[in-house]
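J.: Here it is: the structure, laid out below.
Each value in this text was obtained by applying a stated rule to the coordinates, not by laboratory testing. Remember, it's a predicted structure, so these values are computed and weren't measured experimentally. Positions of Cβ are generated from backbone atoms using ideal geometry, with glycine treated the same way; all protein chains shown enter the neighbour counts.
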Amino acid sequence: MKSFLQEVVDDLLASHRNIDDLILVLPSKRAGTFLRTAIAKTANRNLFAPKIFSIESFVEQISHLNAATNTEQLFYLYETYLQTGSGEKDTFSTFAKWGQTLLQDFNEIDRYLIDPKDIFSYLTDIQEITHWSMAEEKSEMVQNYMKFWNNLGTLYHSFNDLLLTKDLGHQGLIYRNACKHLDDYISETADKTHVFIGFNALNSAESFIIQKILSKTQADIYWDCDPYFLEDPIHDAGYFIRQHQNTWPALKGQPLKGVKANYLSKKNIHIIGVPKNVSQTKYVGHLISEIYEKDPKALKNTALVLGDETLLNPMLNAIPAEIDSVNITMGYPLKNTPLASLFTQYLNLHLKKESQGWYYQQVSDFLSHPFIQLFLTENEEDTALVISTAIKQHNWAFVSPQKLTTLSKVNPSLVELLFFKENANATVFLDRCLLLVQNLKEKLQDTNDALGLEYLYKFFTIFNQLHEMVEKHSYINDLKSLECLYLDLLRSETLDFQGEPLQGLQIMGMLESRTLDFETVILTSVNEGILPSGKSNNSFIPFDLKKLYRLPTYKEKDAVYTYHFYRLLQRAKNIYLVYNTEPDVLEGGEKSRLLTQLQTDENIMGDITEKIAAPAISTANKTLQTIDKDQGLMDLIKAHAAKGFSPTSLSNYIRNPLDFYKRNLLGIDNVVEVEETVAANTFGTIVHDTLEDLYRPHINGFLSEEILKNMQAKIKPTVLRHFAKSYADGDITRGKNLLAFNVVLRYVENFIRIELKEIKNHRIKILGIEENLKISLSIPGIAFPVTLKGKLDRIDEKDGVVRIIDYKTGKVNSSQVEIIDWEDIVQDYTYSKAFQLLCYAIMYNASRPIDTIEAGIFSFKNLNAGLLSFATKEKKGHGPKDVSITQETVALFMNALEQLITEICNSDIPLTEKEV
């Protein structure tokens, strides 16, 4: 295969003895690199190289203007906006959101040489017709709205004039200026021959410049297109070149140079559907590996073209390790580096700071960043961990600088650098960023992190740029405006890869592929919305007006993508077109129409193979996990048995032995977390502690109306005190926590109210409150100590009958405490509440042998049901039930309990997971 650039070079060397008087103009700098190399390889004599320009640098040279950066343009446009017209002006942060769109429109107007007076007049008239107000008298809002559109023309002229005074220009202004100075340029280069190579879609200014040079000087133009597309009147791949051929006087009746039939040559085209983006990169990595295994040299003539350039990072990770030479033509986006997320988080931290401080989750996320952990580690003391632990222990929903200063073991200067007290303006914040960069530089030098230092240097230059801008422009004095600038710079900055540009596998975007040809082409993300890009229209100029002035619309953009797509295929032999089979609004839609067009082309469809690739998925039968009781696990069980089984831990075993293993033996769920809102267990603790404080002074006494009414007066201060104790520094003055506080109050008040009703007809004596019980169990077959322990919420005596009472803040029904079969109580978690009551009963019986007692639960979500008593029944339903617990009941339960504990302590019975 002979590439297009090679064909051009052969023709130029054959028709020009000396090529040093040539000026070669190409669509991109990258194409110029390949052209220069082709000349060096082909020329069989010593010669001076011609001048080679990209179209942008060529036009810049004609215009005598320098290109202003996008950020400079935004600043100059804002300065012009502030001085144009009257009335209230937007802040810079608000302006930046629509200013970028306006810059694009100004750029388009100038690149297409449109009379600004006409188009802005039309635009104003359209807005006058279409604005929303039907009232005869315009409101102030409508007046301001129309004033904006009326001022656009003035804003455009003032902005361009300001740039020209500084010898700067946006791309459109440079192009318009070049058209004005074209005659001077032509006379200066009368002895030179211009050659334009590989162009397709041209704006009006480019078309004017090229046509005039073709007609007034010795010039030539080579087109990179196949006759197959040119001769088809409706094929978009030849849309622009057909237009040029029909409208340019220099081309009429003349054969087009460079046009050669290659497209219908024998090809191997593979269309591959892969689910999701990362799977595409994995598949391409596998594909490259296969190509390399067959012929390592084939990669030198292989291009990997990313339809969606955001896939660069996962694509780099998918390249096989054995590929030692890769050239990447696009820079690595700075926004994808780890440091970008650090400074973005740092900026967001101070942007979202509230009057009470920083939200704890944001602080925790910031402190967990690897670079912050590196920064805050001194002498093996991890300050980030100290602060994170303090936030959890003190339950800080919001973290203030004052709270941080109370912590010991932290370096105040480091903490002050990150969490400064004052509300920072842009200058102060940038100073802190530069200080942070200096500190991180020392840390990275100590660890010899060359890549991290490279990232850091880029951010150092960005913050210095921003500092210069902020000092120069007084209106960027707040963090919101700084954020707009920072994100704008971050989006445009890249880290350039260094390497040999002509060696190995080439990874590039669609635009970098212009005029370049490869034997093997792999193209990813061939989906609607990506290739072609769809109907997005980021412009103030409506579609009809664009059509009138021949500005590019989505239709022309689609034709550009179609040309690039088919141009890649023209000379290639092996083509792999990969698309995402899962349509996604954000990531592109269904399979591209370009693929469908290929598949329906009778002249090429015989070369196409289509398949769907997906990761191999083997369905594994879910097996319940089993843990054998080795010596280590038995030691844990023995330690737990000696310390004491609790009713809750045994209930965990009944529910799922793995829960018992993880929670009670390993303790792995005991992680301290910030309770932003009161957790269920904290809620329960507050209710229990409040009732304990209220009832403890009355142990061994009978309840009376006076006692209970005195309790009512103490409820609120007691609840407040226990909130402060159990909820640490949590805020209960607002939101869900305030609701939780009032729910606790209501629970306790309702409980005391029920007690008042009860004592009118019954005598109730308090025998014990929150009593710790513990007994040793002697179980046959178990040779080590076994203990049962628990805390009994309340023991009382009602009309001479002793009652064991458990408080539950959750919902409990009577069916959960009533049993029929004794085996169920140690096998079915449904009866866990009955199980716990009987555990308390046997512990109470061990200390004070019983004749007959009762046991029950007060469910605070079901208080109207009264005490839900433990009972035994002969069958389900509403038949007779026995609520008394006797020695016989204790014996029956002890038998079931011994079976349960024997199972737990038997080394031959593994812990087997239950389906919950």
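J.: At 0.36 nm per residue, and after removing the present C-alpha to C-alpha distance, how many nm does the segment from Ser776 to Lys638 gain when stretched out fully?
T.: Contour length minus Cα-Cα distance gives 48.3 nm.
J.: Set the Förster distance to 30 Å, then compute FRET efficiency between Thr344 and Ile323 from the Cβ-Cβ distance, nearest 0.05.
T.: The calculated FRET efficiency here is 0.40.
J.: Follow-up question, since we're still on this one. Grab the Cα-Cα distance for Thr154 and Glu188, subtract it from 0.36 nm times how many residues apart they are, and report the gain in nm with one decimal.
T.: This chain segment gains 8.8 nm when fully extended.
J.: For the chain, compute Rg over Rh where Rg is the Cα radius of gyration and Rh is the Kirkwood radius from the inverse mean 1/r over Cα pairs.
T.: When Rh is taken as the Kirkwood radius, the ratio is 1.12.
J.: A further question follows. Pick out, in residue order, every one of the GluC sites (Glu not before Pro) in the stretch 565-663 that is DSSP loop and has at most 11 other C-beta atoms within 10 Å; say none if there are none.
T.: Glu602
J.: In terms of the Cα gyration tensor, with a ≥ b ≥ c the square roots of its eigenvalues, is the stretch 783-865 rounded because a/c is under 1.5, prolate because a/b exceeds b/c, or oblate?
T.: oblate
J.: Rounded, prolate or oblate, given the Cα gyration tensor of the stretch 335-495, with a/c below 1.5 counting as rounded?
T.: oblate
J.: In sequence order, what are the phi-derived ³J(HN,Hα) couplings for the stretch 302-310 according to the Karplus relation 6.51 cos²θ - 1.76 cosθ + 1.60 with θ = phi - 60°, rounded to whole Hz, with x for glycine and proline?
T.: Per residue, the Karplus-derived 3J(HN,Hα) values read 10, 10, 9, 9, 8, x, 10, 6, 5 Hz.
J.: Modelling each spin label as a point 7 Å along the Cα-to-Cβ direction, I'd like the Lys861/Leu82 distance in nm, to one decimal.
T.: 5.9
J.: Also, quick follow-up: Which parts of the stretch 210-235 would a label at Asn246 reach, counting a residue when its backbone N lies under 18 Å from a point 7 Å out along Cα-to-Cβ?
T.: 226-235
J.: Filter the cross-link list Lys709/Lys861; Lys266/Lys611; Lys276/Lys546 down to pairs whose alpha-carbon distance in this structure exceeds 25 Å.
T.: From the list (Lys709/Lys861; Lys266/Lys611; Lys276/Lys546), the Cα-Cα distance tops 25 Å for Lys276/Lys546.
J.: Here's another thing I want to ask about it. Mind checking the angle between helix 204-216 and the chain's longest principal axis? C-alpha axes, 0 to 90 degrees, to the nearest 10.
T.: The angle comes out at about 20 degrees.
J.: Another one. Too long at a 32 Å Cα-Cα cut-off: which of Lys662/Lys716; Lys392/Lys789; Lys403/Lys643; Lys147/Lys212; Lys353/Lys714?
T.: Too far apart for the 32 Å limit: Lys662/Lys716; Lys403/Lys643; Lys147/Lys212; Lys353/Lys714.
J.: Can I ask one more? If amide hydrogens are placed 1.01 Å from N in the peptide plane, which non-local residues have theirs closer than 5 Å to the one on Lys51?
T.: Residues meeting the amide H criterion: Leu22, Leu24.
J.: Shifting gears a bit: Run through all the Cα pairs of the stretch 711-830 and give the fraction in each 5 Å bin from 0, expressed as whole percent.
T.: 2, 7, 10, 14, 18, 15, 13, 10, 6, 3, 1, 0
J.: Would you mind listing how long the stretch 631-912 runs along its three principal axes, going by Cα atoms, in whole Å with the largest first?
T.: Largest to smallest, the principal-axis extents are 57, 46, 35 Å.
J.: Relative to the longest principal Cα axis of the chain, at what angle does helix 680-695 sit, 0 to 90 degrees, rounded to 10?
T.: The two axes meet at around 30 degrees.
J.: So what's the net charge close to Ile174: Lys and Arg +1, Asp and Glu -1, counting the other residues with Cβ under 14 Å from its Cβ?
T.: Charge balance near Ile174 sits at -3.
J.: Considering amide H positions built from the backbone, and no H for Pro or chain starts, which residues 5 or more places from Lys257, or on another chain, come under 5 Å of its amide H?
T.: Distant-sequence amide H within range of Lys257: Trp223.
J.: Given a Förster distance of 41 Å, report the FRET efficiency between Tyr332 and Thr94 from their Cβ-Cβ distance, rounded to the nearest 0.05.
T.: Working from the Cβ atoms, E equals 0.80.
J.: Here's something else I'd like to know. Give the shape of the stretch 739-797 as rounded, prolate or oblate, defined through the alpha-carbon gyration tensor: a ≥ b ≥ c are the square roots of its eigenvalues, a/c under 1.5 means rounded, and otherwise the shape is prolate if a/b is larger than b/c and oblate if not.
T.: In terms of gyration-tensor shape, oblate.
J.: Please go through the stretch 187-287 and write out the chymotrypsin sites (Phe, Trp or Tyr not before Pro) that DSSP classes as loop and that have at most 13 other C-beta atoms within 10 Å.
T.: Qualifying residues, ordered by number: none.
J.: Could I ask something else about it? Apply the Karplus parameterisation 6.51 cos²θ - 1.76 cosθ + 1.60, with θ equal to phi minus 60°, to every residue of the stretch 63-68 and state each ³J(HN,Hα) to the nearest whole Hz, in sequence, with x for glycine and proline.
T.: 7, 6, 10, 9, 6, 7
J.: Applying the Karplus parametrisation 6.51 cos²θ - 1.76 cosθ + 1.60 with θ = phi - 60° to the phi angles of the stretch 600-617, what ³J(HN,Hα) value in whole Hz is obtained for each residue in order, glycine and proline being reported as x?
T.: Using θ = phi - 60°, the values come out as 9, 8, 4, 7, 10, 4, x, 8, 9, 10, 10, 7, 10, 10, 8, x, 5, 10 Hz.
J.: Return the subset of Lys97/Lys736; Lys335/Lys535; Lys180/Lys335; Lys282/Lys458 for which the Cα-Cα distance in this structure is over 32 Å, preserving the input order.
T.: Where the Cα-Cα span goes over 32 Å, the pairs concerned are Lys97/Lys736; Lys180/Lys335.
J.: If you don't mind, another one. What is the ratio of the Cα radius of gyration of the stretch 66-177 to 2.2 N^0.38 Å, where N is its residue count, to two decimals?
T.: Normalised Cα radius of gyration, the stretch 66-177: 1.12.
J.: 7 Å from Cα along Cα→Cβ at both Tyr554 and Glu913: what's the point-to-point distance in nm?
T.: Between Tyr554 and Glu913, the simple spin-label model gives 4.8 nm.
J.: If amide hydrogens are placed 1.01 Å from N in the peptide plane, which non-local residues have theirs closer than 5 Å to the one on Asn813?
T.: Amide H neighbours of Asn813: none.
J.: Could you calculate the contour length gain from Asp232 to Ala40, that is, 0.36 nm times the residue separation minus the distance between their Cα atoms, to one decimal place in nm?
T.: Length gained, Asp232 through Ala40: 65.4 nm.
J.: Between the alpha-carbon centers of the stretch 517-556 and the stretch 819-887, tell me the distance in whole angstrom.
T.: Value for the Cα centre distance between the two parts: 74 Å.
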